[in-house]
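Scroll down for the structure; my scribbles are underneath it.
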Amino acid sequence: MKIFAYGIRDDEKPSLKEWENAHPDVEVGYTQELLTPQTAKQAAGSNGVVVYQQLPYTAETLQALADQGIHQMSLRNVGIDNIDLDAAKKLGFKISNVAAYSPNAIAEHAAIQLARVLRRTKELDAKIAKRDLRWAPTIGREVRMQTIGVVGTGRIGRVLIHILQGFGAKIVAYDIYKNPDIEKQGLYVDSVDELLAQSDVVSLHVPSVKENIHMINKDSIAKMKDGAVLVNVARGDLVDTDALVAALDSGKLAGAVLDVYENEVGIFNEDWEGKKFPDDRLNDLIDRPNVLVTPHTAFYTTKAVLEMVHQSFDAAVAFAKGEETRNAVKY
Ligand code: COI
């Protein structure tokens, strides 16, 4: 059996080596290049491919794999919103993802960054770098004094709730799918509007499905408390960025945490030093003292990377053997 992986980074190689050593019966091929209609040929002779979400996997890309006799794709990440699922279905593709590589990686990042915005550490760091060691006016807000609205109580949202409860924050939560534990704790409110109205911090942990696109927009921001902070470590298109910028300009929102951005594909995970930065709006957000932008790195921990590699290869092997895998995507 042969499995071929695309876009393998240096930091993934130790986890890949470990997996290979534990599976001497599987031939592993890989490249640093991403899967495109042109690179699909490199997987010739393989049972399946392992990829991660970086480029759109269009009908043309899927067809190029099918032309090599490959009808299975195992993602090393959770999101599948870059795949043309209609084309995948027509071509009979089996798809797997890694739905739970480490919810803590993302939840911790959200908690750390939201605490940093509340304590204004970006402003403090800038002052300290200039040797301005005065306290004022950089006074912070305590996490425990905040009502934090968690939209989406899947694995990541629930870990975040647990972390923030450790700080002593009051949590309100919303999800169309109720989690029994969160329900037992009485954390759910009846609507997103109710959550927005009550929360000092709003943190998004929902997928980028049609109904959620621009769930944070001009109207929803108007329903938020004055001086609220928005946290988005989920998907860029959940937030109407123009509306966010306007709310930061007017002071309606006191700050934002953005690990994702509407137009991030082709911008994040690239080195722009010494080159013309391609997005003025993102440039402006990065420069703001009350906004923390990270380039979709909430997931990026040693534990998560190991799980992404191991679970995706396990799923690829299961598909090739015609076995069930908990990582199969029902679509
Ligand atoms: C995901 O797992 O879907 C992520 O957002 C992480 C990234 C590797 C795309």
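The values are calculated or read from the model by the stated rules, or taken from the named source; none is laboratory data. Bear in mind the structure is a predicted one, so any value in this text is a computation, not a measurement. Cβ sites come from the backbone with ideal geometry, for glycine too, and all protein chains shown count toward neighbours. Areas reflect the complete protein model, heavy atoms only, side chains present, ligands, DNA and RNA absent. Shrake-Rupley method; radii C 1.70, N 1.55, O 1.52, S 1.80 Å.
Looking across the range 290-330, just one residue is of a type in the set (Asp, Glu) and within 16 Å of the ligand (Cβ to nearest atom), and that is GLU307. Residues in the range 13-64 that are among the hydroxyl-bearing types (Ser, Thr, Tyr), surrounded by 15 or more Cβ atoms within 10 Å (Cβ to Cβ) and either away from the ligand (no atom under 16 Å from the Cβ) or within 21 Å of TYR300 (Cα to Cα) (or both): SER15, TYR30, THR36, THR39, SER46, TYR52, THR58, THR61.
Taking the range 262-289 as the range and being in a loop (DSSP other than H, G, I, E, B), more than 16 Å from the ligand (Cβ to nearest atom) and open to solvent by 40 Å² or more (accessible area, probe 1.4 Å) as the test, the residues that pass are ASP271, TRP272, GLU273, GLY274, LYS275, LYS276, PHE277, PRO278, PRO289. Would the range 8-19 turn up any residue that is farther than 30 Å from THR153 by Cβ, in contact with a Gly (Cβ under 7 Å, 6 or more places away or on another chain) and in contact (Cβ under 8 Å) with a residue 12 or more places away in the chain? No - not one qualifying residue is present in the range 8-19.
Find the residue count for the range 206-231, including only residues that are in a helix (DSSP H, G or I) and among the small types (Gly, Ala, Ser).
Filtering the range 206-231 down to residues in a helix (DSSP H, G or I) leaves 210-212, 218-222.
Of the ones still in play, those that are also among the small types (Gly, Ala, Ser) are 220, 222.
Matching residues across the range 206-231 total 2.
One residue stands out in the range 76-127 among those that are away from the ligand (no atom under 15 Å from the Cβ) and acidic (Asp, Glu): the one that is nearest to ILE8 (Cα to Cα), namely ASP84. Within the range 124-144, the residues that satisfy the criterion of being in contact (Cβ under 8 Å) with a residue 12 or more places away in the chain and open to solvent by 50 Å² or more (accessible area, probe 1.4 Å) are LEU124, ALA126, ILE139, ARG141, GLU142, ARG144. Among the criteria (1) away from the ligand (no atom under 16 Å from the Cβ); (2) open to solvent by 50 Å² or more (accessible area, probe 1.4 Å), the one ALA247 does not fulfil is (2). State whether one or more residues within the range 94-107 are closer than 19 Å to GLN38 by Cβ, touching a residue at least 12 places away in the same chain (Cβ under 8 Å) and surrounded by 23 or more Cβ atoms within 10 Å (Cβ to Cβ). The answer is no, given that none of the residues of the range 94-107 is closer than 19 Å to GLN38 by Cβ, touching a residue at least 12 places away in the same chain (Cβ under 8 Å) and surrounded by 23 or more Cβ atoms within 10 Å (Cβ to Cβ).
Give me a count of the residues in the range 13-39 that are among the hydrophobic types (A, V, I, L, M, F, W, C) and over 19 Å from ASN97 (Cα atoms). Step through it out loud before you land on a result.
Pass one, the range 13-39, residues among the hydrophobic types (A, V, I, L, M, F, W, C): 16, 19, 22, 26, 28, 34-35.
If we keep only those that are over 19 Å from ASN97 (Cα atoms) as well, we get 22, 26.
The number of residues fulfilling the criteria is 2.
Is it true that some residue in the range 182-189 is in a loop (DSSP other than H, G, I, E, B) and loosely packed, with under 13 Cβ neighbours inside 10 Å? Within the range 182-189 (the criterion being in a loop (DSSP other than H, G, I, E, B) and loosely packed, with under 13 Cβ neighbours inside 10 Å), the answer is yes, since at least one residue qualifies. Regarding the range 314-329, can at least one residue be identified that is assigned by TED's automatic domain parsing to the domain that holds HIS71, in a helix (DSSP H, G or I) and either of a type in the set (Asp, Glu) or over 23 Å from LYS2 (Cβ atoms) (or both)? Yes: the range 314-329 contains one or more residues that are assigned by TED's automatic domain parsing to the domain that holds HIS71, in a helix (DSSP H, G or I) and either of a type in the set (Asp, Glu) or over 23 Å from LYS2 (Cβ atoms) (or both).
Name the single residue that is farthest from the ligand (Cβ to nearest atom) among those in the range 65-75 being outside any loop (DSSP other than H, G, I, E, B) and more than 18 Å from ASN327 (Cβ to Cβ). Out of the qualifying residues, it is ASP67.
For residues in the range 17-39 being more than 18 Å from ALA320 (Cα to Cα) and assigned to a helix (DSSP H, G or I), which is farthest from the chain's Cα centre (by Cα)?
Checking each candidate, the answer is ASN21.
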